[in-house]
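Here the structure is laid out as structure tokens; the discussion comes afterwards.
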Amino acid sequence: MWADRGHWNRFQRRFERSGFETYAITLTGHERPQRPASLRHVGIIDYVTQVKAQLSAMPALPVVLGHSMGALVAQKLAESVPLRLLILLSPVAPGGISMVAPSVALCASANIADAVLQRPFRIPARNAMYGILNTLSTREQRVVYGSFLYESGRALWEIMRGTIRVDESRVNCPVLVLVGSCDRATPPSVARRVAAKYGAEYREYDGRCHFMGAAPDVIDETVEWVVQQVVS
């Protein structure tokens, strides 16, 4: 949510140093300069359709990484597209796995009306610092929050209602789930249920929050896992 492809820069550089060709996707409506109104009728399946079209041009089965809402997009994608590997960072849960928790409610509290009215929105700084960026330094919080774009209220509404379901029997690749122990938007209790759904390997990082794109240990261990899976 609220991000363009730039949030994957550190992951891309690390993967490329290990010999991988990488692609980072800016989701529909998140291009800069942004036109928030373009998100008015965009939902999760629109993002899935977009990513599926971009993957169709790739010459080999891709390794797909998704973060937060992007991890829900990735789960739905893996239901219908063959993948080499699937990596879910701080994943939003699909329908059937409850996201209800006090910290999640506090994180989303300021944007409930945006979800119900399905209007584009940004998370207020106070909520972002509490639920998304809580273990980052003050400087990192300012930089990351300053990069946030508008997001689709319809997508948030679909997440809140649990309308995006995934048939795990159709996800036929190895899956890795990673989450921070201090994640308040996707608590570890939720991430563990997502991992169990896919029979995934599960890793929890002490002291990490929901925003994991700047965590060197998370990035390094993700790349190492991919290398091990590809070699084996």
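The values are calculated or read from the model by the stated rules, or taken from the named source; none is laboratory data. Everything numeric in this text was worked out from a predicted model, so none of it was measured. Cβ sites come from the backbone with ideal geometry, for glycine too, and all protein chains shown count toward neighbours.
Quick notes on this structure:
- Lone qualifier among ALA101, ALA78 - being touching a Leu at 6+ places or on another chain (Cβ under 6 Å) and more than 25 Å from PRO216 (Cβ to Cβ): ALA78
- Within the range 2-51, considering residues that are at positive phi and in contact with an Asp or Glu (Cβ under 9 Å, 6 or more places away or on another chain), the one surrounded by the most Cβ atoms within 10 Å (Cβ to Cβ): GLY29
- Selection from the range 4-23 of residues that are within 16 Å of VAL73 (Cβ to Cβ) and either charged (D, E, K, R) or outside any helix (DSSP H, G or I) (or both): ASP4, ARG5, TYR23
- Verdict on ALA215 being small (Gly, Ala, Ser) and modelled with pLDDT under 95: yes
- Sole exception among (1) in a loop (DSSP other than H, G, I, E, B); (2) modelled with pLDDT under 95 for THR26, by number: (2)
- Taken as a whole, the range 155-175 holds at least one residue that is within 16 Å of the chain's Cα centre (by Cα) and under 24 Å from PRO33 (Cα atoms).
- Residue within the range 65-75 that is among the hydroxyl-bearing types (Ser, Thr, Tyr), out of contact with any Lys or Arg (no Cβ under 8 Å at 6 or more places or on another chain) and under 22 Å from TYR205 (Cα atoms) present: yes
- Those helices (runs of 4 or more DSSP H) lying entirely in the range 153-232 with at least 3 residues β-branched (Val, Ile, Thr): 216-231
- Screening PHE11 with (1) closer than 29 Å to ALA115 by Cα; (2) touching a residue at least 40 places away in the same chain (Cβ under 8 Å); (3) within 14 Å of the chain's Cα centre (by Cα) gives one miss only, at (1).
- Whenever a residue of the range 29-44 is within 18 Å of GLY6 (Cβ to Cβ) and in contact (Cβ under 8 Å) with a residue 12 or more places away in the chain, its partners that are assigned to a loop (DSSP other than H, G, I, E, B) and of a type in the set (Val, Ile, Thr), lying with C-beta atoms within less than 6 angstrom and at least six residues away or across chains, give the pairs GLY29/VAL42.
- Taken together, the residues in the range 104-126 that are buried (at least 19 other Cβ atoms within 10 Å of the Cβ), in contact with a Leu (Cβ under 8 Å, 6 or more places away or on another chain) and of a type outside the set (A, V, I, L, M, F, W, C) amount to 3.
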